[in-house]
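The values are calculated or read from the model by the stated rules, or taken from the named source; none is laboratory data. Quantities reported herein were computed from a predicted structural model and do not represent experimental measurements. With ideal geometry, Cβ positions are generated from the backbone for all residues, glycine too; neighbour counts draw on all protein chains shown. All accessible areas refer to the heavy atoms of the entire protein, side chains included, with ligands and DNA or RNA removed. Shrake-Rupley method; radii C 1.70, N 1.55, O 1.52, S 1.80 Å.
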Amino acid sequence: RAGGGPVEWAEWSRLCDGHGPLAVGHCHPLVVQAAHEQNQVLNTNSRYLHDNIVDYAQRLSETLPEELCVFYFLNSGSEANDLALRLARQYTGHQDVVVLDHAYHGHLSSLIDISPYKFRDLDGQKEWVHVAPLPDTYRGLYREDHPSPAAAYASEVERVVRSAQERGRKIAAFFAESLPSVGGQIVPPAGYFSQVAGHIRRAGGLFVADEIQVGFGRVGTHFWAFQLQGQDFVPDIVTMGKSIGNGHPIACVATTQAVAKAFEATGVEYFNTLARCGFFSPLTPCGLPIIFHLWQFGGSPVSCAVGLAVLDVLEKEQLQAHATCVGRFLMELLRQQKAKHAIIGDIRGAGLFIGVDLIKDKATRTPATEEADYLVSRLKENHILLSTDGPGRNVLKFKPPMCFSLDNAQYLVAKLDAILTDMEEMVRSCESLRL
């Protein structure tokens, strides 16, 4: 049973859903109502124009830098990243892609190829894919004691690009989640994206910011996670999914007019099954027109009604500010646990995107993989759903619905504390038996 918050498991239980990146909570009544009302009136494929589509693109444009004024509406985050790849290749005339180690960008064949998290267990790395080190300042090449980790990690991207060019390869794009999630809830050092974008653009490529898991106010201080890198940084392409429809199948790609015009110049329409329509809407604040491209049901009246409702709830319930407040409170509670439990090596995150890195030893920072798996299982017994990520599968990931409350945070951390204390007692008991 649910209604705009964490799910209630059975009649007596509480569940803190810590790994489902929903924006406004499970089955939010206003989102459900918007979909239901529009379904009762009209739901067509996007061969036909509708006010919801215009209104939704206008609302999205108000959250983004003015350069990003062309919107492609689709059905899933994977579809969005696949389109971003095609846009970059068409605009640049290049083929190759630079990605971060342990990245995941979707389940389509084209995206498995640029997802080290997946391709290393499947067909391996393609010659047109180039992998740069994850900008992890806790256990990566350049750590928290490095004087300039952003520049150091960006120089690794430059090295990867230069190596590719020496072999005659040409870079179309750099893909990165604005906060790498599968990589272990990583927060790239400030300034990293701007420097990487410089290297990539000098090589003739585009910067693609994957906001599918981290966008729509989740990071609290900003609406988009890429904005954590500074107000002067603007990606060439932004992809959206998951939170955009609160679980409803809608996604979006936002890009510049130049990129979109290059794609249109092929004369080959991009569509799912039926049709594509493009048209000009009202102007952005800088006078640039907002342009839309839609396919089948990706930009249907119902999907856009849902998207508008999500934006309405985010605004009316002030969930971005809420994510800042609750996220800081949760981070402080977790830091208190770090001081108490040696297994917690690092607490990192922004807003309601938080990672807890579990370790076996503080000196070596060896991932506590088995312990993390046991902890997640015990939390599930207490009706708390968390999961792990990172190369060592040892990072607890916290991405609850943005309506997650202070009480939810206290409940979660109290259970976490009790289970970790129990685990430590079991270790002490085993050590005593060995003596």
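Side notes on the structure shown:
- Yes/no for CYS403 being within 25 Å of GLU211 (Cα to Cα) and modelled with pLDDT of 95 or more: no
- Qualifying residue in region 300-319 (condition: modelled with pLDDT under 95, of a type in the set (S, T, N, Q) and part of a loop (DSSP other than H, G, I, E, B)): yes
- Residues within region 226-236 that are under 14 Å from the mean Cα position of the chain (by Cα) and of a type outside the set (Phe, Trp, Tyr), tallied: 2
- Of residues in region 96-123 being out of contact with any Asp or Glu (no Cβ under 7 Å at 6 or more places or on another chain) and polar (S, T, N, Q), the one least open to solvent (accessible area, probe 1.4 Å): SER115
- Counted residues, region 383-424 - those being open to solvent by 20 Å² or more (accessible area, probe 1.4 Å) and touching a Phe, Trp or Tyr at 6+ places or on another chain (Cβ under 6 Å): 2
- Positions within region 130-154 being surrounded by fewer than 19 Cβ atoms within 10 Å (Cβ to Cβ) and in contact with a helix residue (DSSP H, G or I) (Cβ under 8 Å, 6 or more places away or on another chain), in sequence order: VAL131, PRO133, LEU141, ARG143, HIS146, ALA151
- With respect to the stated conditions, GLU158 is among the acidic types (Asp, Glu), over 22 Å from PRO391 (Cα atoms) and in contact with a helix residue (DSSP H, G or I) (Cβ under 6 Å, 6 or more places away or on another chain).
- Search result, residues across region 169-209 that are under 17 Å from ALA150 (Cα atoms), open to solvent by 10 Å² or more (accessible area, probe 1.4 Å), of a type in the set (Gly, Ala, Ser) and in a loop (DSSP other than H, G, I, E, B): ALA190, GLY191
- All of (1) more than 23 Å from the chain's Cα centre (by Cα); (2) closer than 26 Å to GLN229 by Cα; (3) part of a loop (DSSP other than H, G, I, E, B) hold for LYS126 with one exception: (2).
- From the list VAL356, VAL427, the lone residue that is crowded, with 20+ Cβ neighbours inside 10 Å and not assigned by the TED database to the domain that holds LEU228 is VAL356.
- Some residue of region 333-343 being under 25 Å from the mean Cα position of the chain (by Cα), within 24 Å of ARG139 (Cα to Cα) and part of a loop (DSSP other than H, G, I, E, B): no
- Residue in region 138-155 that is within 19 Å of the chain's Cα centre (by Cα), in the same structural domain as GLN95 (by the TED database) and among the polar types (S, T, N, Q) present: no
- Residues in region 210-248 that are surrounded by fewer than 23 Cβ atoms within 10 Å (Cβ to Cβ), under 19 Å from VAL98 (Cα atoms) and in contact (Cβ under 8 Å) with a residue 60 or more places away in the chain: VAL234 only.
- Residue count for region 249-280, restricted to those that are surrounded by fewer than 19 Cβ atoms within 10 Å (Cβ to Cβ) and modelled with pLDDT of 50 or more: 13
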